[in-house]
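Have a look at the structure below before the remarks.
Any read-out appearing in this document is the output of simple, stated calculations on the displayed coordinates, not a laboratory observation. Please read all numbers here as calculations on a predicted model, not as lab measurements. Here the Cβ positions follow ideal geometry from the backbone for every residue, glycine too, while neighbour counts run over all protein chains shown.
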Amino acid sequence: MQENELKVEIQHLMAKDIAVSNSEDFNYASEIVLNFTNLKKKINEYWAEPIRKAHEAHKALTAKRNEMLRPIEANEKIIRNRISSYLTEQKRKRDEEQRKIDEKRMRQEAAEKRKLEERAMRAEASGKIEKAESLRELKEDVYIPPAIVVSEVNKTTRTDTGVVSAKTDIEVTITDVKELLMAITEGKAPVSIVDISKPKLKKFIKDMGIKNIPGCEIREIVDASFRCKT
């Protein structure tokens, strides 16, 4: 059978538009579906060999490409990991230095505020109310600008062959699925992070004979199985 003949058969069957409301309709519709089944078999048989050859060619070419890429990607991964380790360590050092500087700044601010409060209390004790209020206003305005630690590595580095940008990311490892699901039910994580496999869920429900399960609507349906005569 040629491709054009198959297309003619497809057009012929596609013209069918029927409703199924009685046994006569059922028999007629079933015959149409059996014709569909038979035609699909013809189409699959027609394209089987070209697809097989294309698949074999694709596999062969993909294998050659992967063979060339494999050593490059292996070495690239090693170097990328070393770069990532270096950048991560530099960030850790910078964050630690920034923390120490921020803590020192906060201690200095607190010490200055204490001094002003002590002076205000002494002025208050001497009956100098206005001076005490003025000193407390100064205390509220105490602010030491933060010193920002400059990273050893620029966020963007330009080389002769391109541009390298450092970006901060996170690494997530699921250690306990049940605890994660509990966090989702408690609203601590969004439901959208869960990807439920409907085929596996359906198999579980069928195998266990479950009629009702929270969060699911289980409805029994009757379908038909069609097999063409050989």
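Summary value for the chain: 18 percent relative contact order, contacts being C-alpha pairs under 8 angstrom separated by 6+ residues. Based on DSSP loop calls and a cut-off of at most 15 other Cβ atoms within 10 Å, the longest stretch of the chain free of exposed trypsin sites (Lys or Arg not before Pro) is what? It works out to 17-127. Here's the list of lysines a cross-link from residue 64 could span, going by alpha-carbon distance under 21 Å and ignoring same-chain residues fewer than 8 apart: 53, 77.
Basic side chains Lys and Arg get +1 at the Cβ, acidic Asp and Glu get -1 at the Cβ, and with that the dipole of the chain about its Cα centre reaches some 800 debye. Checking the Cα-Cα distances for 59/200; 100/139; 41/229; 91/155 against a 19 Å cut-off, the pairs over it are 59/200; 100/139.
Which part of the range 108-123 falls in the paramagnetic zone of residue 134, meaning amide N under 13 Å from the point 7 Å along Cα-to-beta-carbon? 120, 123, by backbone N distance to the label point.
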